[in-house]
Structures are given as C-alpha cells and as structure tokens.
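Novice: Take this structure first; my questions come after.
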Amino acid sequence: MLDDRSKLLLKALVERYIAEGQPIGSRTLSRASGLELSPATIRNVMADLEELGLIVSPHTSAGRIPTARGYRMFVDTMLTVQPGQYSAASLAPDQPQKVISNAANLLSNLSQFVGVVIAPRRTSSFRHIEFLRLSEKRLLVIIVSPDGDVQNRVIFTEVDYTQAQLIEAANFLNSNYVGLEIEQVRERLQHEVESLRGEIAALMQAAVNVSSEAITETQDEVVISGERNLLSVSDFSSDMGHLRRAFELFEQKAQLMRLMDIAGQAEGVRIFIGGESQVVPFEDLSIVSSPYEVDGKVVGTLGVIGPTRMAYDRMIQIVDITSKLVSNALSHNK
C-alpha cells in the first residue's frame, strides 16, 4: 500500500504528464504536488514508485512517466470527475443507424480521439413491407424493421407484376407475418404456398430472401469516427509504429468488436488501459467504454479509443453522457 505522500506525488505526476506529455522531474513534481519536500525526498519516493512498477524513467530523460499499472492506480483510486461539463451535448431521435453514426461522430468530436459504437443486433423480423414497381420485372422492396430502420432492396423477377398484385402480396405479408422471425416466415410460406397463387407465392419467397440478406448485411456493425485525430496526437505522430498498430486495429473490426464486447459486459463506464492485460493488445492505447440501452435492456457498447496519456476524467464524462443520449434517442424512436 502507498502512503498518502506517495499517492499525492503519483497523482501529481500522472496529471502533469497527461497535461504536458513530457517526463516529469523531481523539481517539477515538487511544485505540482504542493508539498514542501526536498528534491532528495521526492527522488526517494519516485524510486519507490518505480520499484513498484507504477512509473518508469525513459532512457532519454531523468524524469519519470506513468506505466499502465500507474495509470490503473490513478484511475481506480485518485481520479475525480466533475459532472455537468458536457450536459449541453445532444443527440436527436432518428433512425437507429443515424443515431449510431451521429453518436460515433459526437464521441470523436468531444474527445478529439476515436469514437466507436457497436450497433445493436437487429432482430430478423419486419414491422412493415412494401413493393414498388420500378420497371418491367424490376421491383423495389421496402423493409421496415421493428426498431424503425428502413432497408431498400431492388429485386428482379421472372414475372412482370402489376401494382395491384404487389399491394395484394404486401397486404398478405403485413397481415400474417409481421413480428415473426424471417426463418419462421420462410417455413410458413412453404406450407401455405398451395393456398396462394403461384406468382404471388414466388414474389413473397423473393421478398423473404432479400429481407434476410438485408438484415444479415447490417448485423453487428462497428461504426468508427475520427481515426485521423490520432495523426495530431504526439504520442502517435512521433512513432509511426504506434500509429500503424492503431490503424490496423480499426481495420480489423472483428478484433475491435471483441474488445468492445468485453467492455460492454460491465455496468457503467469502464477503462481498459493498454499493456495491463490481454484485453487491449497495444500498450499505447486505452479504451473508455460504456454499454447503452434501449428501454432498459443493454443492446450495444460505445466508447473512446485514444492514447494511454489521455484526460480520463474528461473521457469518462464524454462516454457516460453519450451512452445516456444514445439510450434516450433509440428508446424514444421506437
């Protein structure tokens, strides 16, 4: 356990390093901490902190910087968050995909790092379906999901349907199959095909197929905003290897989804600091994340990805308020 003096010096060192990005020396730390200690005493405390693995001395400087373990102790035991700074942020109810996209942009703009949102898994059912004749044997299928999202798909048919036939087919589907899973609709159509006219049955089968494809294409979407912000972060711009690893993570959306899924398994805002575990595979990245809800049920995760040297108190506020805004926007849009 650290004594109060050591904790105060570690807190001052982390806060100063986050603000300035330069290794912190004994004299600077003495002024930042407000403690009337001799440089020799501070050097002794810093040596103890270094022995505990909380700080480290870069080869090119006599100053110290926090390690992942030091950041973790700071975040868990010393960080204070002042509420209300981002209360003016807003996110209007809209189609779910628009809400998710706007949320990623909001996270990025407020943090000046990378905003990431894992979109909710879509239910494989529909609330409403329509057919619109575009030209001979060419139709537009309009699929409205239970959460109000709209998907449009063009299909080509063997039969040239009249608009009256299209209305008849849409009415039948909307009257009998709304709310059912697509696979259930497919099975029921196979059993009921004999009671339907052949050309209408074929149209419905085509509609079910294209609905299934539309839903599959948009499952588990990762929305990322602000990758270019990292170009102006000195921690990355001074080391192309760090920057390359970060961009590789954003390209490998499956790995990014696994990271965010782990983050979403806990309640409230969580902080994952690179290098402290296998959760975040890169020492130079940290994730501040939170799950978000629709009508009280957790459906996805969002967060900010940036350098380990980030203002964690600000990021907590940004992620927390955005999570609440997304939850409200999606719940009110239903």
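Novice: Quick check on this structure: which one of S108, S90 is closer than 27 Å to Q255 by Cα and under 24 Å from the mean Cα position of the chain (by Cα)?
Specialist: Result of the check over S108, S90: S108.
Novice: Could you tell me whether V304 is at pLDDT 85 or above and either within 20 Å of L106 (Cα to Cα) or not assigned by TED's automatic domain parsing to the domain that holds S101 (or both)?
Specialist: Yes.
Novice: Report, ordered by the first and then the second residue, all pairs with beta carbons closer than 7 Å, sequence separation of six or more or different chains, a first member in the range 158-183 that is under 11 Å from L203 (Cα atoms), and a second member that is loosely packed, with under 12 Cβ neighbours inside 10 Å.
Specialist: Partner pairs satisfying both residue conditions: D160/E136.
Novice: Among the candidates L110, L91, L106, L79, which residue alone is in contact with a Leu (Cβ under 7 Å, 6 or more places away or on another chain), surrounded by 14 or more Cβ atoms within 10 Å (Cβ to Cβ), more than 13 Å from V223 (Cβ to Cβ) and of a type outside the set (S, T, N, Q)?
Specialist: From the options L110, L91, L106, L79, the qualifying one is L91.
Novice: Let me ask something else about it. Would you check which residues across the range 3-60 are under 29 Å from S237 (Cα atoms), among the acidic types (D, E) and without any contact (Cβ under 8 Å) to a residue 12 or more places away in the chain and list them?
Specialist: E20
Novice: So which residues in the range 145-174 are surrounded by fewer than 17 Cβ atoms within 10 Å (Cβ to Cβ), at pLDDT below 85 and more than 24 Å from Q190 (Cβ to Cβ)?
Specialist: Those that are surrounded by fewer than 17 Cβ atoms within 10 Å (Cβ to Cβ), at pLDDT below 85 and more than 24 Å from Q190 (Cβ to Cβ): G148, V150, N152.
Novice: Which is surrounded by 14 or more Cβ atoms within 10 Å (Cβ to Cβ) and at pLDDT 70 or above, of V208, V193?
Specialist: Checking each option against the conditions leaves just V208.
The values are calculated or read from the model by the stated rules, or taken from the named source; none is laboratory data. None of the values given here were measured: they were computed from a predicted structure. Virtual Cβ from ideal backbone geometry, glycine too; neighbours counted across all protein chains shown.
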